[in-house]
Amino acid sequence: MGHKDILDESIKQEEVRVVRDPKLVKIFYDESYAPIFWVLRSGPMTVKDIENKYNEIVKTKGSERGLSKKELENLERSDKSIYRYIKELTKIGLVAPAGHRVVMGKTATEILYVRTAKIFYLKNLEDDNWRCNICMKHLSKASELLSLSRDIKPPKPEKLAEIMAKIEADSESELFRVFEEKKEEVQEIFSDITFTDSDRILYIFRILYLALNSGKYKEMVDKVISKR
């Protein structure tokens, strides 16, 4: 059935919003709310749109974790649950109503919702987040790859975790500084680009930051590198 989305032009989505409040940061990592932020990266959506995409995401991620069919079903949420989540996120300013959808042949309209910012840049709450089980598995594989590349003994994943945490913390601190001190310029940089573009830009920044500051980490790296 055809429809037309009518957006409220008074709703202005921020390009970048730095989130430092620990209570708000935790919301982005909450398994109930996190999929909503991913879904709304695609733009304004109704509760029904969000419900469909939400359930696709949680089932896909659940399958990757090896969950059973019953466990996957338990991850799904109804439109009533999604509406409750949306209302809670709206109350704390992370999601906002942005217009309505007119469905041809129907008198009632559906509310459209958006993220209040295109990019939410979060202060990391975990000092040791590189030591999670999945991270350690990835670091172990990266260690083996590094061993083949440099003809060295595979570095201990725990030591690589320390290096990665340090690099990540430093690059995040620099991004926070730029975002807060050059807010208008940053908003201009990220205006009129897609979420994929913004992810890529931040990735490039981190790589360049590492290249420009590689000397800071040489001593740490040297300590974990051992010749065969």
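The values are calculated or read from the model by the stated rules, or taken from the named source; none is laboratory data. Small disclaimer: the values here were computed from a predicted structure and weren't measured. With ideal geometry, Cβ positions are generated from the backbone for all residues, glycine too; neighbour counts draw on all protein chains shown.
Below are the figures for this structure:
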{"read-out": "Selection count where residues are of a type in the set (D, E, K, R) and exposed (fewer than 14 other Cβ atoms within 10 Å of the Cβ), scope region 9-53", "value": "9"}
{"read-out": "Which numbered condition Ala96 fails, given (1) of a type in the set (A, V, I, L, M, F, W, C); (2) within 30 Å of Glu180 (Cα to Cα); (3) out of contact with any Ser or Thr (no Cβ under 6 Å at 6 or more places or on another chain)", "value": "(3)"}
{"read-out": "Filtered residues of region 178-209 (kept if of a type in the set (D, E, K, R) and under 18 Å from the mean Cα position of the chain (by Cα))", "value": "Asp197, Asp199, Arg200, Arg206"}
{"read-out": "Condition broken by Lys91, with the remaining ones in (1) at pLDDT 95 or above; (2) exposed (fewer than 13 other Cβ atoms within 10 Å of the Cβ); (3) in contact with a Phe, Trp or Tyr (Cβ under 9 Å, 6 or more places away or on another chain) satisfied", "value": "(3)"}
{"read-out": "Residues satisfying the stated conditions in region 113-151, i.e. part of a strand (DSSP E or B), of a type in the set (A, V, I, L, M, F, W, C) and at pLDDT below 90", "value": "Ile119, Leu122"}
{"read-out": "Of all residues in region 76-88 being within 21 Å of the chain's Cα centre (by Cα) and not aliphatic (A, V, I, L, M), the one that is surrounded by the fewest Cβ atoms within 10 Å (Cβ to Cβ)", "value": "Lys87"}
{"read-out": "Residue match in region 194-201 (condition: surrounded by 15 or more Cβ atoms within 10 Å (Cβ to Cβ), of a type outside the set (A, V, I, L, M, F, W, C) and in contact (Cβ under 8 Å) with a residue 40 or more places away in the chain)", "value": "yes"}
{"read-out": "Of residues in region 213-225 being surrounded by 11 or more Cβ atoms within 10 Å (Cβ to Cβ) and of a type in the set (D, E, K, R), the one farthest from Glu15 (Cα to Cα)", "value": "Lys223"}
{"read-out": "Looking only at region 94-112, and only at residues there that are out of contact with any Lys or Arg (no Cβ under 9 Å at 6 or more places or on another chain) and either assigned by TED's automatic domain parsing to the domain that holds Ile134 or of a type outside the set (Val, Ile, Thr) (or both), the one that is modelled with the lowest pLDDT", "value": "Gly105"}
{"read-out": "Residues that are in a loop (DSSP other than H, G, I, E, B) and either of a type in the set (A, V, I, L, M) or in contact with a strand residue (DSSP E or B) (Cβ under 6 Å, 6 or more places away or on another chain) (or both), drawn from region 87-112", "value": "Ile92, Leu94, Met104, Ala108"}
{"read-out": "Out of Glu73, Glu51, sole residue that is over 16 Å from the mean Cα position of the chain (by Cα), without any contact (Cβ under 8 Å) to a residue 40 or more places away in the chain and closer than 22 Å to Leu94 by Cα", "value": "Glu51"}
{"read-out": "Tally of residues being part of a helix (DSSP H, G or I), closer than 18 Å to Ala96 by Cβ and basic (Lys, Arg) across region 16-47", "value": "1"}
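Listed here are the residues, each with its yes/no results for (1) loosely packed, with under 14 Cβ neighbours inside 10 Å; (2) modelled with pLDDT of 90 or more; (3) within 16 Å of Ile119 (Cβ to Cβ).
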site	(1), (2), (3)
Pro154	no, yes, no
Ile163	no, yes, no
Asp170	no, yes, no
Lys182	yes, yes, yes
Ala211	yes, yes, no
Lys227	yes, no, no
